[in-house]
Structures are given as structure tokens and as C-alpha cells.
Ligand code: GDP
Ligand code: MG
């Protein structure tokens, strides 16, 4: 059984872009899990010889699409199924109420939570990430899922937490 890594976060922060970046980063899409193949919410990934299953919790669709319920469900899946949780936020929109609510939901797990700040595309934005210290989840890791910067550092942190 491989360690499971779940990406959680409010809509539009770049969860699916990060998911694709990590699995293309590649050294492996070995197989998607049966049943969810089409949505590609789950994939196997590998970093420096560490294999893991990656979940994009935001890509899972719900019957009743209330945002609040969706966010809660994402957090619950992550807390229940993951060994390491990545909370993704975006430096472009600064901190939002929803980011804070998700962070709160994650306080009750003893599992490692890594805070990644996406859309840190340039040096100026990389200095803005420190605002997110106030989420109380430790050091924010700047990444740009579009440009690919910071992804290696994030993956190092993830596999260190296994
Ligand atoms: P999700 O709803 O959290 O899965 O977010 P998506 O992955 O669908 O991305 C939402 C939007 O943010 C898309 O237009 C992406 O191209 C954009 N985006 C994702 N990552 C980055 C990034 O690192 N930098 C910038 N500038 N835009 C990004
Ligand atoms: Mg998505």
C-alpha cells in the first residue's frame, strides 16, 4: 500500500494544475485507480524513488454542489484517506475566508499538513506568501504550478513527511 497524498483547497487556486504538474513531473503515471479514471482525480506519482498515490479532492464531484459542503467533504476525504495533506492557496487572491475555513477543518488532524502557496510566478509574489503564516499551518511553500517552480521543494517536503 502506497502513501496517499491529498490536495485540498478552495476552487480556482490551481489544485488540478498542481495535480497534473506532479504526475507529469513525471517519473510516473503508472495507473489511475479503477472507477475514477476518467476524472483523473487519483494517480500514482513518484519522486526520488518514493511512490505515492495523489488525490485531487476538488476534482471529485458531489451531488449537492453547495460550496461549503464541498469544501467540508474535501477536507474529510483528506483527513480520512491521506497520509499527507497539501492545503493549496493562491497568492494572487491573497487570503480568503474559505482558505481560513479549510485550515480550521484541518486543525483537528494529527496528519502532516503542508501549506503550499500557488501562483507565486515571480519574485515579488514569492515575498507575499508570508501572509499565509497566519493560517497556523507552518511555513508556506511557494509554487507556480504553471511555470513549474517550487514543485521540487514541495515534493521534497511531501516525501519527507511519509
Ligand atoms: P482548481 O479549481 O483549484 O483545480 O484550479 P485549476 O487548476 O483549475 O486552476 C484555476 C486557474 O488558475 C486556471 O486558469 C489555471 O491556469 C490558473 N493557475 C493554476 N496554477 C497557476 C499558477 O501557478 N500561476 C498562475 N498564474 N495561474 C495558475
Ligand atoms: Mg480542479
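Answer yes if at least one residue in the range 77-87 is within 16 Å of ligand 2 (Cβ to nearest atom), under 17 Å from the mean Cα position of the chain (by Cα) and at pLDDT 95 or above, and no otherwise.
Yes: the range 77-87 contains one or more residues that are within 16 Å of ligand 2 (Cβ to nearest atom), under 17 Å from the mean Cα position of the chain (by Cα) and at pLDDT 95 or above.
Given (1) within 16 Å of ligand 2 (Cβ to nearest atom); (2) part of a strand (DSSP E or B), where does residue 146 come up short, assuming only one miss?
All conditions are met except number (2).
Which number in (1) at pLDDT below 95; (2) out of contact with any strand residue (DSSP E or B) (no Cβ under 6 Å at 6 or more places or on another chain) marks the one condition that residue 126 misses?
(2)
Quick one: count up the residues across the range 51-69 that are outside any helix (DSSP H, G or I), surrounded by 12 or more Cβ atoms within 10 Å (Cβ to Cβ) and either at pLDDT below 90 or more than 11 Å from the chain's Cα centre (by Cα) (or both).
First, pick out the residues of the range 51-69 that are outside any helix (DSSP H, G or I): 51-56, 60-66.
Subsequent filtering for residues that are surrounded by 12 or more Cβ atoms within 10 Å (Cβ to Cβ) retains 51-56, 60.
Still in the list and also either at pLDDT below 90 or more than 11 Å from the chain's Cα centre (by Cα) (or both): 51-53, 60.
The number of residues fulfilling the criteria is 4.
Please count how many residues of the range 89-115 are away from ligand 1 (no atom under 16 Å from the Cβ), farther than 24 Å from residue 42 by Cβ and in contact with a helix residue (DSSP H, G or I) (Cβ under 6 Å, 6 or more places away or on another chain).
Of the residues in the range 89-115, 0 are away from ligand 1 (no atom under 16 Å from the Cβ), farther than 24 Å from residue 42 by Cβ and in contact with a helix residue (DSSP H, G or I) (Cβ under 6 Å, 6 or more places away or on another chain).
Quick check: is even one residue across the range 75-88 at positive phi and out of contact with any helix residue (DSSP H, G or I) (no Cβ under 7 Å at 6 or more places or on another chain)?
The first filter runs over the range 75-88 and keeps only residues at positive phi, leaving none.
No: the range 75-88 contains no residue that is at positive phi and out of contact with any helix residue (DSSP H, G or I) (no Cβ under 7 Å at 6 or more places or on another chain).
Which numbered condition trips up residue 72, out of (1) loosely packed, with under 13 Cβ neighbours inside 10 Å; (2) part of a helix (DSSP H, G or I); (3) at pLDDT below 95?
Exception for residue 72: condition (1).
Just to check your reading of the model, which residue among 121, 131, 156 is surrounded by fewer than 21 Cβ atoms within 10 Å (Cβ to Cβ) and not in a helix (DSSP H, G or I)? Outline the logic, then answer.
Values: 131 fails: not in a helix (DSSP H, G or I); 156 fails: not in a helix (DSSP H, G or I).
The unique qualifying residue is 121.
May I ask you to list the residues in the range 134-143 that are touching a residue at least 40 places away in the same chain (Cβ under 8 Å) and part of a helix (DSSP H, G or I)?
Within the range 134-143, 135 is the sole residue that qualifies.
The values are calculated or read from the model by the stated rules, or taken from the named source; none is laboratory data. Keep in mind the model is a prediction, meaning the values are calculated, not measured. A quick note on method: Cβ atoms are made from the backbone with ideal geometry, for glycine too, and the neighbour counts reach across all protein chains shown.
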